[in-house]
Amino acid sequence: MKKITQLVLILTAAIACQKKPKTMGTSIKVGESISHILDGNPSTGYNWKYTIENPEIVNITEEITSKNQEAMVGAPSKFKYQIEGAKPGTTKIFFKYFREWEEDVPPVQTDTIEVRVE
């Protein structure tokens, strides 16, 4: 029964993470920072990775995985990215949620944030 419960939790978390891509934009000043938080489930092998279109515009100064408090296998976690304005301009940050060892498999979720630094 315990294995069935764990399997149901894992499958539920995997399905919950299959959301449509979303894009959001924001403006910050040089030296200011914002947080970007994404839901995930590293116990299923999925992780968020990012690429920055123009890396000289912003720095990602922190990458924190907040584990679930119950320490249950299959329970969701939070991925927090601290994005700091480095120089004026506009860039996009592309996030993808995938298993690194799976080749030629599209990410199960993507997210894009456009940041304008003033």
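The values are calculated or read from the model by the stated rules, or taken from the named source; none is laboratory data. This is a predicted model, so every value here is computed, not measured. Cβ atoms come from the backbone with ideal geometry, glycine included; neighbour counts cover every protein chain shown.
Here Ala75 passes the criteria (1) surrounded by 14 or more Cβ atoms within 10 Å (Cβ to Cβ); (2) modelled with pLDDT of 70 or more; (3) among the hydrophobic types (A, V, I, L, M, F, W, C); (4) in contact with a strand residue (DSSP E or B) (Cβ under 7 Å, 6 or more places away or on another chain) except the one numbered (4). Every listed requirement among (1) modelled with pLDDT of 90 or more; (2) assigned to a strand (DSSP E or B); (3) loosely packed, with under 15 Cβ neighbours inside 10 Å is met by Pro55 save one, (2). When only residues in the stretch 1-38 that are modelled with pLDDT of 90 or more and assigned to a strand (DSSP E or B) count, which is nearest to the chain's Cα centre (by Cα)? That would be Leu38.
Residue count for the stretch 28-68, restricted to those that are more than 17 Å from Thr91 (Cβ to Cβ) and β-branched (Val, Ile, Thr): 4.
Close Cβ contacts (under 7 Å, 6 or more residues apart or on different chains) running from residues in the stretch 49-64 that are closer than 12 Å to Gly31 by Cα to residues that are part of a loop (DSSP other than H, G, I, E, B) and at pLDDT 95 or above comprise Ile57/Ala86; Ile57/Lys87; Val58/Ala86; Asn59/Ala86. Residues in the stretch 69-118 that are among the hydrophobic types (A, V, I, L, M, F, W, C) and without any contact (Cβ under 8 Å) to a residue 12 or more places away in the chain were compared, and the one that is farthest from Pro42 (Cα to Cα) is Val105. Of Lys80, Lys67, all but one fail to be surrounded by fewer than 16 Cβ atoms within 10 Å (Cβ to Cβ), closer than 13 Å to Ile34 by Cβ and at pLDDT below 95; the exception is Lys80. If you scan the stretch 39-52, which residues turn out to be surrounded by fewer than 19 Cβ atoms within 10 Å (Cβ to Cβ), of a type outside the set (D, E, K, R) and part of a strand (DSSP E or B)? Answer for the stretch 39-52, where residues must be surrounded by fewer than 19 Cβ atoms within 10 Å (Cβ to Cβ), of a type outside the set (D, E, K, R) and part of a strand (DSSP E or B): Asn47, Tyr50, Thr51, Ile52.
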